[in-house]
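Following: one structure in structure tokens, then a few remarks.
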Amino acid sequence: MGLALRDWDPWRDARAEDWRAARLARPRTPPTTPLPPDRAPPPPPLGVAVVDAVPGASRDEPLPRAHAPWLRPTLVERWNAQAQTWEASPTALAILARRSAFSPAGWPDEIDDRRKVPGKLRVTYPAGPPLLDQPMIRVLTARGTLPPRPWQIDGQDVALRPLGPYARPNTAGRYPRGVYPLAVITPLVSPPNQPLTFTLDLRGGQLMGLLLALTGVPS
């Protein structure tokens with residue numbers, strides 16, 4: 001990977017605080033035509049930005065959609081408190097199985113934060129590659145909002161680690177409101193070559209994606 005100077009693109013290069021300072025909303029997807037000056041933050045003095053110079057399509061990783069270092073859920077069930085039973089939710093499955101965890105992947109159908117899953121869930125993942133047979137602490141990668149209390153997996157609190165340059169707590173130890181890419185260190189220990197099912201209580205949080213890593217923490 002190298003660096004290159006390119007014409008400054010507000011959708012790609014402007015920071016969140018730049019949009020806020022200009023009292024503008026950043027488009028959810030790349031504009032099809034250049035943004036007019038009154039709809040974009042002011043450019044830097046030279047009108048250029050230093051960006052990664054990567055050949056080919058701009059993606060967060062050079063892999064096709066069907067191949068990734070994560071497993072996508074195959075079944076998501078939501079808890080029906082009134083009926084006291086689990087109910088399969090194809091809608092929740094479609095939301096949580098979206099592959100991309102953050103905007104640079106450039107797939108608008110997979111980064112639409114308007115589609116959220118709250119509540120208590122039971123999530124099932126398929127078996128991974130046969131050679132991954134060493135038990136490890138399983139890690140999830142997610143996109144979601146931070147709850148007032150930690151998530152619970154199978155009744156145990158989990159460690160949520162917000163990622164990205166804006167995931168910095170304030171003096172009170174709280175993160176700004178919003179949607180974050182999250183690393184989730186679970187209490188689950190298993191080899192990646194075995195299927196996995198667990199209950200997840202979001203406790204006030206909301207999810208826009210939840211994938212199971214094929215790597216983890218040594219147990």
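As an exercise, use a Förster radius of 22 Å and the Cβ-Cβ distance of Arg115 and Thr215 to find the FRET efficiency, rounded to the nearest 0.05. Could you put the intermediate results ahead of the total?
Working: r = 27 Å, r/R0 = 1.25.
Working from the Cβ atoms, E equals 0.20.
Between Arg39 and Leu163, what is the label-to-label distance in nm when each label sits 7 Å out along the Cα-to-Cβ direction?
Spacing of the two 7 Å Cα→Cβ label points: 3.2 nm.
So between Arg203 and Arg12, what do we pick up on full extension, going 0.36 nm a residue minus the alpha carbon distance? Please report the intermediate quantities before stating the final value.
Numbers: separation 191, 0.36 × 191 = 68.76 nm, distance 3.37 nm.
Residue separation times 0.36 nm, minus the Cα-Cα distance, leaves 65.4 nm.
Measure off 7 Å from each Cα along the Cα-to-Cβ vector at Arg28 and Thr91, then give the distance between these two points in nanometres to one decimal.
In this crude label model, Arg28 to Thr91 measures out at 1.6 nm.
Each value in this text was obtained by applying a stated rule to the coordinates, not by laboratory testing. Keep in mind it's a predicted model, so treat the numbers as computed, not measured. As a convention, Cβ positions derive from the backbone with ideal geometry for all residues, glycine included, and neighbour counts pool all protein chains shown.
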